[in-house]
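J.: Questions regarding the structure given below will be posed in turn.
The values are calculated or read from the model by the stated rules, or taken from the named source; none is laboratory data. Predicted, not measured: the structure shown is a model, and the values here were computed from it. Every residue, glycine among them, receives a Cβ derived from its backbone with ideal geometry; neighbour counts consider all protein chains shown.
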Amino acid sequence: MAREKRTIRYDDDVWAMLEAYSSTTSKPVTAIVNDAIRYYLSEDQPSLEVRLRTLESRLAATESRLAMVENKLDLAD
């Protein structure tokens, strides 16, 4: 159910991201904002600290894989 609509003022960079994502996904900006707010405020979501630790571990794993690829390329030369 939709409630009374209000005007939201977005920063220029945020608006550009919303427009780009909207054109990529064909979702209206309102739907994108609603989904983002639901996700951000959902109590089922892990804390920011947990999400950052998860991202750090994924980054470390990716860096490790890249190092292995670099080593294989060096051995092939």
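J.: For the structure I just gave you, tell me whether Pro46 is over 15 Å from the mean Cα position of the chain (by Cα) and surrounded by 10 or more Cβ atoms within 10 Å (Cβ to Cβ).
T.: Considered against the rule, which asks whether it is over 15 Å from the mean Cα position of the chain (by Cα) and surrounded by 10 or more Cβ atoms within 10 Å (Cβ to Cβ), Pro46 comes out as no.
J.: I've got another one for you. For segment 23-32, state whether one or more residues are farther than 22 Å from Ala2 by Cβ, under 16 Å from the mean Cα position of the chain (by Cα) and not hydroxyl-bearing (Ser, Thr, Tyr).
T.: The answer is no, given that none of the residues of segment 23-32 is farther than 22 Å from Ala2 by Cβ, under 16 Å from the mean Cα position of the chain (by Cα) and not hydroxyl-bearing (Ser, Thr, Tyr).
J.: Hey, Thr54 hits all of (1) more than 14 Å from the chain's Cα centre (by Cα); (2) assigned to a helix (DSSP H, G or I); (3) modelled with pLDDT under 90; (4) not aliphatic (A, V, I, L, M) but one; which does it fall short on?
T.: In the conditions (1) more than 14 Å from the chain's Cα centre (by Cα); (2) assigned to a helix (DSSP H, G or I); (3) modelled with pLDDT under 90; (4) not aliphatic (A, V, I, L, M), Thr54 misses (1) alone.
J.: Provide a single number: the residues in segment 6-22 that are in a helix (DSSP H, G or I) and surrounded by fewer than 10 Cβ atoms within 10 Å (Cβ to Cβ).
T.: Final tally of qualifying residues: 2.
J.: Which residues, taken from segment 33-42, are farther than 18 Å from Arg3 by Cα and surrounded by 10 or more Cβ atoms within 10 Å (Cβ to Cβ)?
T.: Hit for segment 33-42 is Tyr39, nothing else.
J.: What single numbered condition from (1) modelled with pLDDT of 80 or more; (2) outside any helix (DSSP H, G or I) fails to hold for Arg3?
T.: (1)
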